[in-house]
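The values are calculated or read from the model by the stated rules, or taken from the named source; none is laboratory data. Note that the structure is predicted; figures quoted are calculated from it, not measured. Note that we place each Cβ from the backbone using ideal geometry, even for glycine, and neighbour counts take in every protein chain shown. To get the accessible areas, we keep the full protein, side chains included, count just its heavy atoms, and leave off ligands, DNA and RNA. Shrake-Rupley method; radii C 1.70, N 1.55, O 1.52, S 1.80 Å.
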Amino acid sequence: EVRLVESGGGLVQAGGSLKLSCVASGVDFDDYGIGWFRRVPGKEHEGVSCISLFDGKTYYEDFVKGRFTMSIDKAKNTVSLEMNDLEPEDTAIYYCTADQWATARAMCISGEPDYWGQGTQVTVSS
């Protein structure tokens, strides 16, 4: 079955960097849209960055464009999110997600992924 396990969250000061990792099991990256989502308690989740390898698309939401980089290592079954120049507004629980055949832009903007990891907390102090 599909399992997604995130790690790498922590506490950083504004302007700092973190790299999140996700180990995926039961997921063929060629058949799934893969996305990083984040959620603040009491608010709806929002897409951060999504990749769909089957159509060669990568999408970044405007609020992270130029600061975050998402990548997939198929050989290691891992997904990464490198986050630079972090802002307090980036504070959230970050989730690795997967949804079969979901295309990158649609997944990030309006998708409700079928599979979610447990999340990893990112806290950015002022």
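Consider segment 67-103 and keep the residues that are within 15 Å of the chain's Cα centre (by Cα) and small (Gly, Ala, Ser). The one that is nearest to Ser25 (Cα to Cα) is Ala98.
Condition first: modelled with pLDDT under 95 and open to solvent by less than 80 Å² (accessible area, probe 1.4 Å). Can you find one or more residues in segment 91-111 that meet it? Full working, then the answer.
Here is the first cut: in segment 91-111, the residues modelled with pLDDT under 95 are 110-111.
Those left that are additionally open to solvent by less than 80 Å² (accessible area, probe 1.4 Å): 111.
Yes, there is a match, as at least one residue in segment 91-111 is modelled with pLDDT under 95 and open to solvent by less than 80 Å² (accessible area, probe 1.4 Å).
Against the condition open to solvent by 50 Å² or more (accessible area, probe 1.4 Å), touching a residue at least 60 places away in the same chain (Cβ under 8 Å) and either closer than 19 Å to Gly111 by Cα or assigned to a strand (DSSP E or B) (or both), how does Glu82 come out, does it pass? Judged against the criteria, Glu82 is a match. For segment 28-60, residues that are open to solvent by less than 20 Å² (accessible area, probe 1.4 Å) and assigned to a loop (DSSP other than H, G, I, E, B) total 1.
Scan segment 7-17 for residues that are open to solvent by less than 30 Å² (accessible area, probe 1.4 Å) and either small (Gly, Ala, Ser) or closer than 18 Å to Glu61 by Cβ (or both) and report the count.
Initial filter on segment 7-17 (open to solvent by less than 30 Å² (accessible area, probe 1.4 Å)): 10, 12, 16.
In the following step, the residues that additionally are either small (Gly, Ala, Ser) or closer than 18 Å to Glu61 by Cβ (or both) were identified as 10, 16.
The total comes to 2.
For first residues located in segment 62-79 and in contact (Cβ under 8 Å) with a residue 12 or more places away in the chain, partners that are open to solvent by 60 Å² or more (accessible area, probe 1.4 Å) and among the β-branched types (Val, Ile, Thr) and lie 6+ apart or on another chain with Cβ distances below 8 Å form the pairs Met70/Thr58; Asn77/Val23; Thr78/Val23.
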